[in-house]
Amino acid sequence: MRRKIALISAAALVATGGAVMVANQASAAAGCSAKYTIVNSWPSGFQAQVDVTNLGDAVTSWNVGWDFGNSSQTISQIWNADKTQSGVHVNATSLSYNGTVATNGTISFGFTGAWSGSNPAGTNFTLNGTACTGGTTGGPSSQSPSPSSSNNNPGAPVVSLTSPTDGSSFTAPATVGLAANASATNSTISKVEFYNGSTLLGADTSSPYTYSWTNVAAGNYTLTAKAYNASNVSTTSTAVSISVTTGGGNNGTHVDNPYVGAKVYVNPDWSAKAAAEAGGSRVSNQPTGVWLDSIAAITAPSGSGYTTSLRQHLDNALAQGATLAQFVIYDLPGRDCAALASNGELGPTEIGRYKTDYIDPIAAIEADTKYSALRIVNIIEIDSLPNLVTNADGQAGATAACATMKSNGNYVTGVQYALSKLHAAGSNTYNYIDAAHHGWIGWDSNFGPSASLFASTAKGAVGGVNTVDGFITNTANYSALSEPWVQPSTTVNGQSVRQSKWVDWNFYTDELTFAQAFRTQLVSQGFNSNIGMLIDTSRNGWGGSARPTAASTSTDMNTYVDQSRIDRRIHAGNWCNQSGAGLGERPRATPAAGIDAYVWIKPPGESDGSSSLVPTGPNNPGGKGFDRMCDPTYTGNGRNGNSLSGALPNAPVSGAWFSAQFQQLMQNAYPAL
Ligand code: BGC
């Protein structure tokens with residue numbers, strides 16, 4: 001996907017220093033509650049998120065401790081924290097920028113890890129040494145507990161959840177029967193509480209300890225039982241993971257954010273290519289988008305170059321136990337009007353074929369009740385509407401092809417048709433429209449007009465704005481998620497970095513701030529207030545040795561910005577196979593306010609376009625074109641400030657596997673692999 005101009009900036013990173021560990025001083029109140037969420041799990045690995053709420057006094061650094069349930073569970077990568085692990089015990093500590101946490105503030109970090117046998121949730125959480133019980137201890141008026149060495153000392157409870165069993169699944173709306181065994185030496189059990197994550201479901205004060213959890217919606221849940229002895233000392237059981245899936249029929253609930261609790265489909269075709277690369281198994285289990293980039297992609301007839309049809313992907317997803325699959329709808333007439341690497345099969349006027357040969361068959365397959373237990377996410381037509389805003393007429397980047405698509409109306413008609421039909425396919429389908437990226441529509445002259453065009457387009461669909469669940473930014477682009485040291489508010493010598501050559505007066509400098517602000521703009525234009533944003537983080541990591549670790553100390557504006565920015569591109573308008581890029585945030589749900597998920601829609605390792613002309617033939621069965629933005633020797637045009645393209649050499653045509661790029665992306669991953 002191409003992109004025009006670009007930028008950076010920083011989002012919600014709070015750069016507060018502080019490295020002094022403040023544990024519980026005698027006079028400080030301390031307390032916390034902890035939530036442990038298994039975001040994704042696969043045969044040998046998992047990704048988890050930890051959220052600890054500080055119920056005590058503010059802290060300036062933190063150390064979150066917990067125990068894994070078995071010794072096979074080890075952390076391989078952690079982000080937003082450092083870690084040490086000794087046996088099953090883990091300590092995660094704050095980084096320079098996130099140590100300060102106010103009373104009732106939340107510490108959040110995530111990690112990937114390995115497991116075998118079972119993968120229970122972490123237990124015995126502590127914050128700076130204080131157990132996370134949901135209350136506080138200490139403080140000026142409270143007494144510290146005095147340990148006793150008496151043999152009659154009441155023992156801590158021993159508790160286990162006996163029902164449901166780990167890994168069991170239910171059909172929504174489900175009734176889940178919970179039961180626990182609990183005892184304590186030299187004491188009695190006063191109550192057993194049952195939890196879903198950190199949410200208390202109910203409690204029982206007498207044995208047998210049970211609770212009936214009713215009307216449970218589809219999703220994955222982590223259940224625990226917490227027993228209290230007569231002295232109010234508590235123990236939490238090993239966690240049990242269950243899944244609840246939707247029943248038959250397209251009459252299931254259309255949820256607000258389909259990524260919450262979802263297990264996202266791993267495309268086996270991409271996964272196999274990734275796994276075949278040295279070191280590729282570190283990421284080959286990640287979910288990526290499936291691109292329906294031609295009519296043949298729907299049925300994958302033999303000789304077409306496609307190996308897996310849409311139906312086969314959906315069948316694979318069911319077989320994987322996935323609950324969400326992501327497809328890219330990408331075949332508009334006159335596709336990719338501002339570039340040459342991904343022009344499509346349909347001519348500018350072939351809107352009829354787009355409807356009957358492309359959208360209708362996809363909608364019919366997605367409507368099959370066989371797939372109604374799957375949430376089907378459709379990413380609608382990358383680059384198309386933004387190209388009408390910035391590249392159709394009058395502007396520096398205008399092309400005749402985009403002017404044609406604006407005047408004949410077929411991008412708008414096609415997107416409206418896709419929204420209408422795919423929304424109507426079932427309550428389990430979700431439409432996200434492509435919204436370019438901050439370095440394209442972040443400038444005021446593009447920001448408002450883009451939101452307005454998206455709104456008028458959606459309002460013309462059958463179903464109107466209700467056909468739209470959200471928008472996606474940065475699809476197949478490289479814009480950094482956050483720019484801690486280059487924000488529009490950052491000044492050098494008293495002047496805003498907006499004046500720098502790199503920022504070029506943009507109002508946004510990174511994707512997270514842009515996506516959140518654009519969401520607000522879209523709602524103000526009439527979209528539903530619960531729309532959510534996706535951000536494609538497949539290739540915006542910019543890690544490795546070239547990543548800045550601190551703000552520049554230069555007092556020269558352009559030097560400061562160029563040394564401080566996370567995005568290492570030559571120009572933010574560069575979009576093809578960028579040299580130096582790395583894998584970005586791993587896919588996960590609800591990473592930030594207004595953001596439904598970080599996703600990997602562009603499959604890492606698939607080329608953006610060939611670095612030289614490739615004749616149609618075995619290396620170019622689809623007859624893909626050659627855009628000089630993919631040629632590393634190209635010195636650019638008005639849309640990239642007449643800069644070098646920054647593209648990697650020896651790239652194959654768009655969509656084809658590009659091993660050197662995949663290796664670079666792993667090498668420069670951030671968070672690192
Ligand atoms: C190409 C598609 C490909 C997609 C994902 C696009 O640039 O045009 O053919 O499926 O990238 O790699």
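Any read-out appearing in this document is the output of simple, stated calculations on the displayed coordinates, not a laboratory observation. It should be emphasised that the depicted structure is a prediction, and the values quoted were computed from it without experimental measurement. When we count neighbours, we look across all protein chains shown, and the Cβ atoms used for this are built from the backbone with ideal geometry, even at glycine.
If you place +1 on the Cβ of every Lys and Arg and -1 on the Cβ of every Asp and Glu, how big does the dipole about the Cα centre of the chain come out, in debye to the nearest 20? It would help to have the intermediate numbers written out before the result.
On the way: 33 positive and 40 negative charges, 51 e Å.
That gives a dipole near 240 debye.
Need one number for the range 30-137: average projected area of the convex hull over its C-alpha atoms, nm².
The directionally averaged projection comes out at 5.9 nm².
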Q.
Taking the number of other C-beta atoms within 10 Å as the exposure measure, put 630, 132 in order starting with the fewest.
A. 132, 630
**Q.** Mean Cβ neighbour count within 10 Å, used as a protection proxy, ranking 202-210, 40-48, 217-225, 480-488 highest first
**A.** 480-488, 217-225, 40-48, 202-210
Q) Given 518, 500, 541, which one lies farthest toward the positive end of the charge dipole of the range 462-588, if we put +1 on the Cβ of every Lys and Arg and -1 on the Cβ of every Asp and Glu? A) 541
(Q) Can you compute the modelled spin-label distance between residue 168 and residue 660, with each label point 7 Å from Cα toward Cβ, in nm? (A) 5.6
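Given the pairs 35/226; 191/226; 602/624; 83/226; 355/421, which are separated by over 19 angstrom at their Cα positions?
Numbers: 35/226 14 Å; 191/226 8 Å; 602/624 17 Å; 83/226 26 Å; 355/421 9 Å.
Beyond 19 Å: 83/226.
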Q: Provide the net charge surrounding residue 511, with neighbours chosen by a C-beta distance below 10 Å and charges set as Lys +1, Arg +1, Asp -1, Glu -1.
A: -4
**Q.** Phi to ³J(HN,Hα) by Karplus 6.51 cos²θ - 1.76 cosθ + 1.60 over the range 395-406, Hz, x for Gly, Pro
**A.** 8, 4, x, 4, 10, 5, 5, 6, 4, 4, 5, 6
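Treat the count of other C-beta atoms within 10 Å as a stand-in for reagent exposure and order 37, 555, 106 from fewest to most. Before the final figure, lay out each step's value.
Details: 37 21, 555 9, 106 13.
The fewest-first ordering by Cβ neighbours comes to 555, 106, 37.
What FRET efficiency, computed as 1/(1 + (r/R0)^6) with R0 = 30 Å and r the Cβ-Cβ distance, is obtained for residue 462 and residue 83, rounded to the nearest 0.05?
Values: r = 51 Å, r/R0 = 1.70.
Step by step, r from the Cβ atoms, then E = 0.05.
Report, to two decimal places, the Cα Rg of the range 343-426 normalised by 2.2 N^0.38 Å (N = number of residues). Mind dumping the intermediate values first?
Values: Rg = 14.9 Å, N = 84, 2.2 N^0.38 = 11.8 Å.
In units of the 2.2 N^0.38 Å rule of thumb, it is 1.26.
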(Q) If you split all Cα-Cα distances of the range 268-667 into 20 Å bins from zero, what percentages do you get per bin, shortest first? (A) 28, 62, 10, 0
**Q.** Cβ-placed point charges (K, R +1; D, E -1), dipole of the range 264-365 about Cα centre in debye, nearest 20
**A.** 200
Q. Over what distance in Å are the Cα centres of the range 60-87 and the range 622-637 separated?
A. 45
Q: Would you mind listing how long the range 186-345 runs along its three principal axes, going by Cα atoms, in whole Å with the largest first?
A: 75, 43, 31
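Mind jotting down a quarter of the surface of the convex hull over the alpha carbons of the range 153-245, in square nanometres, one decimal? Show your work: numbers first, answer last.
On the way: hull surface 20.6 nm².
Mean shadow area of the hull around the Cα atoms is 5.1 nm².
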Q. Of the listed peptides 313-322, 119-128, 54-63, 602-611, what is their order by residue-averaged count of other C-beta atoms within 10 Å, with the highest listed first?
A. 602-611, 119-128, 54-63, 313-322
**Q.** Packing rank of 459-471, 429-441, where each peptide gets the mean count of other beta carbons within 10 Å, highest leading
**A.** 429-441, 459-471
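Which of 273, 226, 191 comes first, and how do the rest follow, when ranked by fewest Cβ neighbours within 10 Å? Please list the in-between numbers first.
Numbers: 273 19, 226 23, 191 16.
Starting with the residue having the fewest Cβ neighbours, the order is 191, 273, 226.
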Q | Sum of -39500 (n - 2.57) over DSSP H runs of 4+, divided by residues of the chain (222 nm, nearest 500) | A | -5000 deg cm²/dmol
Q. For the residue pair residue 269 and residue 593, what label-to-label distance in nm results when each label sits 7 Å from Cα along the Cα-to-beta-carbon direction?
A. 4.1
Q: Compute the separation of the alpha-carbon centres of the range 324-378 and the range 232-310 and state it in Å as a whole number.
A: 19
Q | Full-extension gain in nm, residue 393 to residue 650, via 0.36 nm per residue minus C-alpha separation | A | 89.2 nm
Q. Among 116, 135, 281, which residue has its Cα positioned farthest towards the positive end of the charge dipole of the chain, with +1 placed on the Cβ of Lys and Arg, -1 on the Cβ of Asp and Glu, and the dipole taken about the Cα centre?
A. 135
Q. Projected onto the charge dipole of the chain (+1 at Lys/Arg Cβ, -1 at Asp/Glu Cβ, origin at the Cα centre), which of 595, 361, 234 gives the Cα projection farthest towards the positive end?
A. 234
**Q.** Dimensions (Å) - the chain, Cα atoms, principal axes, largest first
**A.** 87, 62, 48
Q: Pop a pseudo-label 7 angstrom from the Cα along the beta-carbon direction at both residue 104 and residue 188 and give the gap in nm to one decimal.
A: 3.7
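Can you compute the charge dipole magnitude of the range 268-667 about its Cα centre, using +1 on each Lys and Arg Cβ and -1 on each Asp and Glu Cβ, nothing else charged? Give it in debye, rounded to the nearest 20. Walk me through the intermediate numbers first.
Details: 25 positive and 32 negative charges, 63 e Å.
In debye, rounded to 20, the range 268-667 gives about 300.
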Q: Grab the Cα-Cα distance for residue 175 and residue 230, subtract it from 0.36 nm times how many residues apart they are, and report the gain in nm with one decimal.
A: 16.7 nm
Q.
Over the Cα atoms, compute the radius of gyration (one decimal) and Dmax (the largest Cα-Cα distance, rounded to a whole number) for the range 452-607, in Å.
A. 16.9, 55
